[in-house]
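Notes for the one structure printed next.
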């Protein structure tokens, strides 16, 4: 009897010990170590965030070291969890884009677990090399740099009208642009810069490949909603340009002809780098116009913004074309929270769509673009469920979209002009088209190539406007 009791006690202890060992092993497997900055988080930040979050760039703080990132661990987690950072607003169901800024689900989980676990440093020997960036220029050392003709003095306070500066290229030969980048001279006061290229008179015009829907010189709604009722005593009447422009525009005023928009600098978009075999053509004698939106910072500041160009080594197979389509007839009644405004273009010959830039101001809430094909089919190619004025993104398609002659690109933007929009400058006024941020726009920049103009890459045939 004593032996049997001893056997049962021993067997029970053995099974208990085995159960404890097994349970401990399972628990150990389920307890994933907390990620560390050095081994797990730094690679994510270096790849996705350091381009903006480094000294001299638009990020409010650098994220190049543990000491940089640790004080903001909670903020980084919250921004990543909410999907605000990295800033990317395209609906993933529509379109694929080569400049996509997104974290994978695994990368998001790593950052969240790191912050929730106390944001440990880890072993510095696990750190990857800190990324190296070109000094001053993300495209590398430019082949040519053009600046504002002189420094512009930005006052310490007050509203500053958009300023326009003309800069002659003085190029005597056509230039194929492979990449370009706009650099603010004083980032603290420069909200955005748009650069236009105006070709000299007398050069042969390119055949038009896109045709906006127009009436009375303005782009019409493609699917006009019921016209909003706006009281005649609105505080923002439409601005009618003078029939005869002044002989010489005042200093800083917009010139009569801007030309095509070729480059911009704004939060979310800047350097434009074209794919191999494609390049933008700037013909000889072109004049650049810088449109600069300055915002007073409380301190008088001087700015001399510039643009840098990288030239293609050989003439490309395809010329990049740039354009825009807009709706200057937009009307946003005071207090209306969901006003839709449409615009679009018809394709006059076969093209490939390279990119789209949606732009509204503070009342814009979402966008949608669709293509209607000649056979009646339609598809959404880009949607932004939550448009953010603070991040202007030029969406560049991973594979350019083939649009046959007769296709139509339709854009729809929605606006919230009510008091529920916390960004609304004034929900009690009726809003129309205007440059300033308290006014509104329905603007789309468009980049494309024309199929019939495609040539063998590196061909020797002169570009349009070249000397013969």
Take the residues of region 289-310 that are in a loop (DSSP other than H, G, I, E, B) and touching a strand residue (DSSP E or B) at 6+ places or on another chain (Cβ under 6 Å): which is modelled with the lowest pLDDT?
-> 295
Filter result for residue 336 (outside any loop (DSSP other than H, G, I, E, B) and either in the same structural domain as residue 426 (by TED's automatic domain parsing) or modelled with pLDDT under 95 (or both)) | no
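Here is a yes/no grid of residues against (1) surrounded by 14 or more Cβ atoms within 10 Å (Cβ to Cβ); (2) at pLDDT 95 or above; (3) not assigned by TED's automatic domain parsing to the domain that holds residue 385:
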position	(1), (2), (3)
100	yes, no, yes
108	yes, no, yes
119	yes, no, yes
135	no, no, yes
152	yes, yes, no
159	no, no, no
167	yes, yes, no
172	no, no, no
Hits in region 265-291 (condition: under 20 Å from residue 148 (Cα atoms), buried (at least 23 other Cβ atoms within 10 Å of the Cβ) and more than 17 Å from the chain's Cα centre (by Cα)) | 282, 286, 290
Hey, residue 316 hits all of (1) crowded, with 22+ Cβ neighbours inside 10 Å; (2) within 17 Å of the chain's Cα centre (by Cα); (3) in a loop (DSSP other than H, G, I, E, B) but one; which does it fall short on?
-> (2)
Apart from one, (1) touching a strand residue (DSSP E or B) at 6+ places or on another chain (Cβ under 8 Å); (2) in contact (Cβ under 8 Å) with a residue 60 or more places away in the chain all hold for residue 149; the odd one out is (2)
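The values are calculated or read from the model by the stated rules, or taken from the named source; none is laboratory data. No experiment lies behind these values; they were computed from the predicted model shown. Because the Cβ atoms are built from the backbone with ideal geometry, glycine has one as well, and the counts that use them run over all protein chains shown.
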